[in-house]
Amino acid sequence: MNAHPMKALIIVDLQNDFLPGGGVPVPHSDEVIPLANELQRRFALILATQDWHPPNHGSFAANHKGKKPGDRIILDGIEQILWPVHCVQNTRGAEFAPSFKTSRIAHVFHKGVDPLIDSYSTFFDNAHRRHTGLAHYLEERSIKDIYLLGLALDYCVKYSALDARQLGLNTHVILDGCRGIDLESGDIDRALDEMKRAGTRILKSRDL
Ligand code: VGL
Ligand code: ZN
């Protein structure tokens with residue numbers, strides 16, 4: 001066995017559409033990019049994720065007659081919040097932020113590719129029907145410790161951390177490397193509580 005098992009830095013959805021001015025702008029999200037670049041020096045394995053929707057994705061309000069962003073519907077049997085069009089495959093909105101340094105990323109995992117189901121988590125879709133390959137990737141390399149940062153704290157980061165805990169991973173969230181949407185005020189605080197209760201360690205980059 002590996003005496004010093006690797007830990008993975010997982011950088012979540014640093015894509016144009018989640019930056020100020022994008023389709024689903026996360027407030028102050030541009031502020032995490034320098035940290036995402038800087039922290040890569042501290043990890044031997046860097047992974048990243050991209051929200052990667054087809055144009056007909058069921059999470060887009062525009063694909064449901066009479067619906068607007070923020071409305072809730074039942075999509076193929078489960079509840080779905082509707083969003084503005086964002087992160088459409090092979091468009092500028094889905095690209096990584098221009099200042100984000102990507103040369104050391106070992107693998108990019110795509111999520112939200114099935115038009116009939118959304119995927120906030122980097123591990124599974126919202127109904128846990130299909131996985132993205134990330135769990136197997138980590139298992140094959142005996143990686144038990146993951147460090148998450150990115151967007152959005154109260155969606156993708158939260159659901160990724162909860163799935164990671166269910167998979168038995170030692171899960172860390174680097175708080176100053178994340179920003180949230182707070183669609184309903186308090187969402188960010190509730191997300192932090194939920195992650196902590198599930199055994200996620202919330203830490204600051206200076207405590208790494
Ligand atoms: C996300 C909203 C819609 C996320 C993805 O990755 O946090 N949020 N799609
Ligand atoms: Zn999305």
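Derivation of every value follows stated rules applied to the coordinates shown; laboratory data play no part. These figures come from a predicted structure and were not determined experimentally. Cβ atoms come from the backbone with ideal geometry, glycine included; neighbour counts cover every protein chain shown.
Residue-by-condition table, conditions (1) of a type in the set (Asp, Glu); (2) away from ligand 2 (no atom under 15 Å from the Cβ); (3) touching a strand residue (DSSP E or B) at 6+ places or on another chain (Cβ under 7 Å):
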| position | (1), (2), (3) |
| --- | --- |
| 12 | no, no, yes |
| 15 | no, no, yes |
| 23 | no, no, no |
| 29 | no, no, yes |
| 40 | no, yes, yes |
| 63 | no, no, no |
| 66 | no, yes, no |
| 76 | yes, yes, no |
| 89 | no, no, yes |
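Which condition number in (1) over 17 Å from residue 94 (Cβ atoms); (2) in a loop (DSSP other than H, G, I, E, B); (3) in contact with a helix residue (DSSP H, G or I) (Cβ under 8 Å, 6 or more places away or on another chain) is the one that residue 39 fails? For residue 39, the exception is condition (2). Looking only at the range 46-79, residues that are touching a residue at least 40 places away in the same chain (Cβ under 8 Å) and on the phi < 0 side of the Ramachandran plot come to 15 in all. Only one of the numbered conditions (1) within 16 Å of ligand 2 (Cβ to nearest atom); (2) of a type in the set (Phe, Trp, Tyr); (3) in contact (Cβ under 8 Å) with a residue 60 or more places away in the chain; (4) part of a loop (DSSP other than H, G, I, E, B) is violated by residue 109, and that is (4).
Has the range 171-179 got any residue that is more than 23 Å from residue 101 (Cα to Cα) and either in a loop (DSSP other than H, G, I, E, B) or under 13 Å from the mean Cα position of the chain (by Cα) (or both)? Checked against the condition, which is being more than 23 Å from residue 101 (Cα to Cα) and either in a loop (DSSP other than H, G, I, E, B) or under 13 Å from the mean Cα position of the chain (by Cα) (or both), the range 171-179 yields no hits at all.
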